[in-house]
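Peer 1: The structure's right below; bear with me while I get my questions together.
The values are calculated or read from the model by the stated rules, or taken from the named source; none is laboratory data. None of these values were measured; they are calculated from a predicted model. Every residue, glycine among them, receives a Cβ derived from its backbone with ideal geometry; neighbour counts consider all protein chains shown.
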Amino acid sequence: MKCIYLDHSATTPVDPEVVTAMNPFFTIHYGNPSSMYSIAEFSRDALEESRSTIASFINASPKEILFTSGGTESDNQAIFTTARKIKSKGMHIITSSIEHHAVLHAFQQLEKEGFDVTYLPVDAHGVISSSSLQKAMRSDTTLVSIMHANNEVGTIQDIPSLAKIAHEKGALFHTDAVQAIGKIPVDVQSMGVDLLSSSAHKLYGPKGVGFLYVKKGTPFSSYLYGGGQENKKRPGTENVPGIVGFAKAIELAQKRFSEDTQHLQNLATFLTEGIENSISDVLFTGHPTNRTPGHVSVCFKYIEGESVLLMLDSHGICVSSGSACTSGSLDASHVLLAMGIDSATAQGSIRLTMGRHNTIEDMKAVISVLPEIVEKLRKMSPLC
């Protein structure tokens, strides 16, 4: 049975060109970049070349790129180190109600430490309004963290406007751009952010590597203790093969950006129209136009999304029920609830996110089996 993979917001297959770029650093150029002998120079040079490639992609300086193990570590490092370092200036911090748990749980931990947290609401499309942030800002606000693109519904936030409001009140601004890098334009200068998180495995790179952009002059210190790697901001031997792979994935994303964007938009439009025309009582979630390409999030009323997911899997179709990080939970998505969707409807959510290797034939395959699956589940549902 052919596997039709439609969960690219959870992770992506590593591009063969990325694997090829990484391989020598496992077997030939395996030196520790902190060592001084000649084979280590290959690792050290590759590390810094990769840093420059990634910095250029987001319009940053190489010195502003800090390599990490992924999006969660980048989010945690950005939030904990800055909030704690400048708490003498104030202990009021702001985030949104629809953040990834890497951000939400970090803010909840800071609450336990005595910080005062404001969780901004969103509208029915998952959009955070500038006015809500403006009203929430206080003289003791030191940090605002708002995600660039939502992992569950794909909605893109107006980061430049939100960052400007934070800066006008003297607060730092962090954005979780894990779902944005490689999918939509990301320019830290025009966005005006102080910190930005990303992860390689969301754009055809390897798992276990990410980066954190830290704008020059931003109050920041490591929360790990060890050696002096990453300009003494993140100790530990760097994951050179992963970093090289990340840089290669960035190069490919830049090269294929226009082609990928158009392709993913076409697939999402075809799939959305197919679902609309063949299934009743559905609710598409997220912003209808201002969303990441290739992202379809939909609630099927009267049934559970987990059941839809399992039945699609029996046909070789891989999708997600809400966020991959919470798909094992029976609780309704906190993102959908924040958007005002009732719990029963939110339970019927699935997320289909396409990649560059998906085809219209894949979308036709989904549409050919999905109506029957929904009908079968609704016949068994006590809610119908």
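Peer 1: From 177, 102, 149, 166, which residue is surrounded by 19 or more Cβ atoms within 10 Å (Cβ to Cβ) and farther than 30 Å from residue 283 by Cβ?
Peer 2: On inspection, the qualifying residue turns out to be 166.
Peer 1: Out of (1) touching a Gly at 6+ places or on another chain (Cβ under 6 Å); (2) under 17 Å from residue 236 (Cβ atoms), the odd one out for residue 32 is which?
Peer 2: It fails just one condition, (1).
Peer 1: Further question on the same structure: Would the range 259-268 turn up any residue that is surrounded by fewer than 22 Cβ atoms within 10 Å (Cβ to Cβ), part of a loop (DSSP other than H, G, I, E, B) and of a type outside the set (S, T, N, Q)?
Peer 2: Within the range 259-268, not a single residue is surrounded by fewer than 22 Cβ atoms within 10 Å (Cβ to Cβ), part of a loop (DSSP other than H, G, I, E, B) and of a type outside the set (S, T, N, Q).
Peer 1: Same structure again: Of all the residues that make up the range 223-258, how many are touching a Leu at 6+ places or on another chain (Cβ under 9 Å) and assigned to a loop (DSSP other than H, G, I, E, B)?
Peer 2: Looking only at the range 223-258, we keep the residues that are touching a Leu at 6+ places or on another chain (Cβ under 9 Å), and these are 230-231, 233-236, 238, 240, 243-244, 246, 249-250, 252-253.
With the extra rule that they be assigned to a loop (DSSP other than H, G, I, E, B), the set shrinks to 233-236, 238.
Going through the range 223-258 one residue at a time, the tally reaches 5.
Peer 1: Next question, about the same structure. Which of the following residues is among the basic types (Lys, Arg), in the same structural domain as residue 49 (by TED's automatic domain parsing), modelled with pLDDT under 95 and more than 21 Å from residue 23 (Cβ to Cβ): 216, 202, 233?
Peer 2: Values: 216 fails: modelled with pLDDT under 95; 202 fails: modelled with pLDDT under 95.
233 is the lone residue from the list that is among the basic types (Lys, Arg), in the same structural domain as residue 49 (by TED's automatic domain parsing), modelled with pLDDT under 95 and more than 21 Å from residue 23 (Cβ to Cβ).
Peer 1: Please specify each residue of the range 130-159 satisfying the condition of being under 16 Å from residue 97 (Cα atoms) and in a strand (DSSP E or B).
Peer 2: 143, 144, 145, 149, 155, 156
Peer 1: Hey, among 152, 41, 113, which residue is at pLDDT 95 or above, assigned by TED's automatic domain parsing to the domain that holds residue 213, among the charged types (D, E, K, R) and farther than 23 Å from residue 337 by Cα?
Peer 2: On the way: 152 fails: farther than 23 Å from residue 337 by Cα; 41 fails: at pLDDT 95 or above.
Testing whether each residue is at pLDDT 95 or above, assigned by TED's automatic domain parsing to the domain that holds residue 213, among the charged types (D, E, K, R) and farther than 23 Å from residue 337 by Cα leaves just 113.
Peer 1: For residue 208, state whether it is surrounded by fewer than 24 Cβ atoms within 10 Å (Cβ to Cβ), of a type outside the set (A, V, I, L, M) and free of Cβ contacts under 8 Å to residues at least 60 places away in the same chain. Working first, answer last.
Peer 2: Details: surrounded by fewer than 24 Cβ atoms within 10 Å (Cβ to Cβ): yes; of a type outside the set (A, V, I, L, M): yes; free of Cβ contacts under 8 Å to residues at least 60 places away in the same chain: no.
Criteria not met by residue 208.
Peer 1: So if I check each of 80, 42, which one is of a type outside the set (Asp, Glu), more than 16 Å from residue 197 (Cα to Cα) and part of a helix (DSSP H, G or I)? Before you say what the answer is, go through the steps one by one.
Peer 2: Working: 80 fails: more than 16 Å from residue 197 (Cα to Cα).
Just one listed residue meets the conditions, 42.
Here is a yes/no grid of residues against (1) at pLDDT 95 or above; (2) over 27 Å from residue 332 (Cβ atoms); (3) in a strand (DSSP E or B):
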position: 94; (1), (2), (3): yes, no, yes
position: 105; (1), (2), (3): yes, no, no
position: 122; (1), (2), (3): yes, no, no
position: 128; (1), (2), (3): yes, no, no
position: 161; (1), (2), (3): yes, yes, no
position: 180; (1), (2), (3): yes, no, no
position: 193; (1), (2), (3): yes, yes, no
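Peer 1: While we're on this one: Inside the range 253-277, can you point out the residues that are over 22 Å from residue 14 (Cα atoms) and β-branched (Val, Ile, Thr)?
Peer 2: 269, 272, 275
Peer 1: Among the residues of the range 109-120, which ones are surrounded by fewer than 17 Cβ atoms within 10 Å (Cβ to Cβ) and assigned to a loop (DSSP other than H, G, I, E, B)?
Peer 2: If the condition is that a residue be surrounded by fewer than 17 Cβ atoms within 10 Å (Cβ to Cβ) and assigned to a loop (DSSP other than H, G, I, E, B), then 113, 114 are the ones that fit.
Peer 1: Just for the range 74-99: of the residues that are of a type outside the set (A, V, I, L, M, F, W, C) and under 18 Å from the mean Cα position of the chain (by Cα), which one is surrounded by the fewest Cβ atoms within 10 Å (Cβ to Cβ)?
Peer 2: From the range 74-99, those of a type outside the set (A, V, I, L, M, F, W, C) are 74-77, 81-82, 84-85, 87-90, 92, 95-97, 99; that's our starting set.
From what's left, under 18 Å from the mean Cα position of the chain (by Cα): 74-77, 95-97, 99.
On the way: 74: 29, 75: 30, 76: 19, 77: 26, 95: 25, 96: 27, 97: 17, 99: 24.
Restricting to residues being of a type outside the set (A, V, I, L, M, F, W, C) and under 18 Å from the mean Cα position of the chain (by Cα), the top hit is 97.
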